[in-house]
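Bear in mind that the values in this text are calculations on the coordinates, not laboratory data. These numbers come from a predicted model, not from an experiment. Because the Cβ atoms are built from the backbone with ideal geometry, glycine has one as well, and the counts that use them run over all protein chains shown.
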């Protein structure tokens, strides 16, 4: 167990070191923060809860989905993933180390966005719990795309609509009854967005069944993890 934790930690540090020199990924961290600042500065009538929810969805989707997908596809394309596979680290440890890096760095960026939004939810621990569940789900989805795609170009083509649906559909479905609203009911980001709005006293959401929303986020987490394990085993990296 100790050796496994050490290997995961080493992969985490390696990914963190690689992140410093990847300007494209670093921009993805900065973009949502910059947009939140712009919203606060120029759209003063927009409720702070909406800004917070949008900012968190933006960075969770952009980094959580796009980051792991491009990362895995890039390593497969450059053959550097083979070096990790031939190392003492097991494939599941590789996936865990990579996912943990995106989880930690995106969570820290989410804290920055929360501070910049200028709003404190009624129960911040519920927002943290919901954010952790939806971010992990997004990372799992990104890894699935990265494993199934052969290179960065294909990964970017596939993951972009996935990310856009996760981000935009919850926003476009507010107060609507159409095909977008129907699809958004299957998206964990919609339920997390509703939780954030409810806990920040958003005027259009006065009642919310928090239990059912967290249940959906938990189920999404488990299902996406299960799919990742299946894809990982049969289409991804070989087991040792």
Task: Pair residue 19, residue 42: separation of 7 Å Cα→Cβ label points (nm) - done: 2.9 nm
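For the chain, what is the mean residue ellipticity at 222 nm derived from helices alone (per DSSP H run of n ≥ 4: -39500 (n - 2.57); sum divided by total residues; nearest 500 deg cm²/dmol)?
Working: 11 runs with 188 residues, N = 240.
Calculated from helices alone, the mean residue ellipticity at 222 nm is -26500 deg cm²/dmol.
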Task: C-alpha center-to-center spacing [the range 64-79, the range 1-57] in angstrom - done: 17 Å
Open item on the list: Apply the a/c threshold of 1.5 to the C-alpha gyration tensor of the range 47-181 and tell me whether it is rounded, prolate or oblate.
Closed with: oblate
TODO: Return the distance in nm (one decimal) between the two label points of a simple spin-label model at residue 151 and residue 218, each offset 7 Å from Cα along Cα→Cβ.
DONE: 4.4 nm
TODO: Quick one: order 221, 60, 211 by neighbouring beta-carbon count within 10 Å, fewest to most.
DONE: 211, 221, 60
Task: Choice from 27, 183, 37 with maximal GNM fluctuation in the chain (Cα, 10 Å cutoff) - done: 27
Task: 0 to 90° range, to nearest 10: angle between helix 48-61 axis and the chain longest Cα axis - done: 20 degrees
Open item on the list: Suppose the chain between residue 181 and residue 4 were pulled fully straight at 0.36 nm per residue; how much longer would it get relative to their current alpha carbon spacing?
Closed with: 59.4 nm
- [ ] Rank these for me by crowding, 101, 46, going from fewest to most other beta carbons within 10 Å.
- [x] 46, 101
TODO: Based on the mean of other Cβ atoms within 10 Å per residue, sort peptides 226-232, 91-97 so the most packed one is first.
DONE: 91-97, 226-232
TODO: Starting with the fewest neighbours, write out 45, 18 ranked by other beta-carbon atoms found within 10 Å of each beta-carbon.
DONE: 45, 18
